[in-house]
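Comments concern the structure below.
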Amino acid sequence: NHIYLYCKKDISLWLIDNFKKIANLSVNFSSCEFVDQKFTFDSFNIICPNTRLDKIVSCIIRKSREIAKNKILFQDVNVNFKTIDQNDYNCQLNDIISIKKVGRFKIKDIQTNPKSGKIILSIDKYR
């Protein structure tokens, strides 16, 4: 039942002194040594015609490209922790794509199928 919040030491002192409640919940902040986070992933591959954000989101959520575009326009999609509102944004290797109510995904590998010309993306989903 712990949540680790990484911040600078001077901010941590302010949090400890000033935050006692969030909404109706009592909270208690304390300082501790840095804890290295270990992430676990579920890996899978998707086949996309290109590396456009709308196509990748569409393939990940297994919905139409129109639904993926709407998620991007409604700012439900972040790339590398920044909101992207361009459907035609080209994703790169090691980009982290966060989709609200779906999850966070990392592009682990990008390969091109020599026969079809389509892109094969190896994706890691954060657990």
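Read-outs throughout are calculated quantities, based only on the coordinates presented, and are distinct from any laboratory measurement. As the structure is a prediction and not an experimental result, all values here were calculated from the model. FYI the Cβ positions are ideal-geometry reconstructions off the backbone, even for glycines, and counts take in every protein chain you see.
Each residue of the range 8-14 was assigned a 3J(HN,Hα) from its phi angle through the Karplus curve 6.51 cos²θ - 1.76 cosθ + 1.60 (θ = phi - 60°); the sequence is 6, 4, 5, 6, 4, 4, 5 Hz, with glycine and proline shown as x.
Length available on full extension from Gln86 to Ile120: 0.36 nm per residue minus the Cα-Cα distance, which gives 10.0 nm.
For the pair Ile67 and Ala23, label points projected 7 Å from Cα toward Cβ lie 2.7 nm apart. Extension gain for Leu93 to Ser30 (0.36 nm times residue separation, less C-alpha to C-alpha distance): 19.0 nm. Placing dummy labels 7 Å off each Cα toward the beta-carbon, the span from Val102 to Asn45 is 2.1 nm.
Summarising the amide proton neighbourhood of Ile84: residues at separation of 5 or more, or on other chains, whose placed amide H is nearer than 5 Å comprise Val77, Val79. Kirkwood-type hydrodynamic radius, the chain: 17.0 Å, calculated from all non-identical alpha-carbon pairs.
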